[in-house]
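Each remark here refers to the structure printed beneath this line.
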């Protein structure tokens, strides 16, 4: 969706409408991400990978921080958001496959 540049917006109502539109797109992307992560327990169980894979978590968070920095987003904020998502997904996976397995 094409939105006006933030610096061209003249009212809070218009600004809020744009923010709400972005939030809607973020939610759609989060739903898509969750559909992918919902596939992880079956694949991890089959491949003997634990729900919590610390090296993968570190790699994801490092990538998130780097992309955030490149885009002018606070890397600490981005890491906090992703860490929350990752921890939530790991907890969901552990309910399905337990905590055993190798780091992957």
Counting only C-alpha contacts under 8 Å and six or more residues apart, can you give the relative contact order of the chain as a whole percent?
36 percent
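What ranking do 8, 37 get, fewest neighbouring Cβ atoms within 10 angstrom at the top?
8, 37
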In vacuo Debye sum over C-alpha of the stretch 28-104, base-10 log of normalised intensity I(q)/I(0) at q = 0.11, 0.16, 0.22 Å⁻¹, listed in q order, is -0.30, -0.61, -1.01
For the chain, longest principal axis from Cα atoms; helix 12-37 axis from its Cα atoms; angle between them, nearest 10 degrees, is 20 degrees
What spacing in nm lies between the two simple spin-label points modelled at residue 84 and residue 30, each 7 Å away from Cα in the Cβ direction?
0.8 nm
Starting from the Cα of residue 73, move 7 Å in the Cα-to-Cβ direction to define the label point; list residues of the stretch 32-66 whose amide nitrogen is under 20 Å from there.
32-38, 56-66
Angle check, please: helix 75-97 long axis (alpha carbons) against the longest principal axis of the chain (alpha carbons), in degrees 0 to 90, nearest 10.
40 degrees
Suppose each label sits 7 Å from its Cα in the direction of the beta carbon; what would the residue 96-residue 57 distance come out to in nanometres?
1.8 nm
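Rounded, prolate or oblate: which fits the stretch 52-93 when a ≥ b ≥ c are the square roots of the eigenvalues of the alpha-carbon gyration tensor, with rounded for a/c under 1.5 and prolate only if a/b beats b/c? Show your work: numbers first, answer last.
Values: a/c = 3.70, a/b = 1.86, b/c = 1.99.
Verdict is oblate for the stretch 52-93.
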Packing-based ranking, highest mean first, of 18-30, 61-73 given that Cβ atoms within 10 Å are counted:
61-73, 18-30
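Throughout, read-outs are computed from the coordinates displayed, never taken from laboratory work. Bear in mind that the values here come from a model prediction, so they are computed numbers and not experimental data. Please note: Cβ atoms are built from the backbone with ideal geometry, for glycine as well, and neighbour counts cover all protein chains shown.
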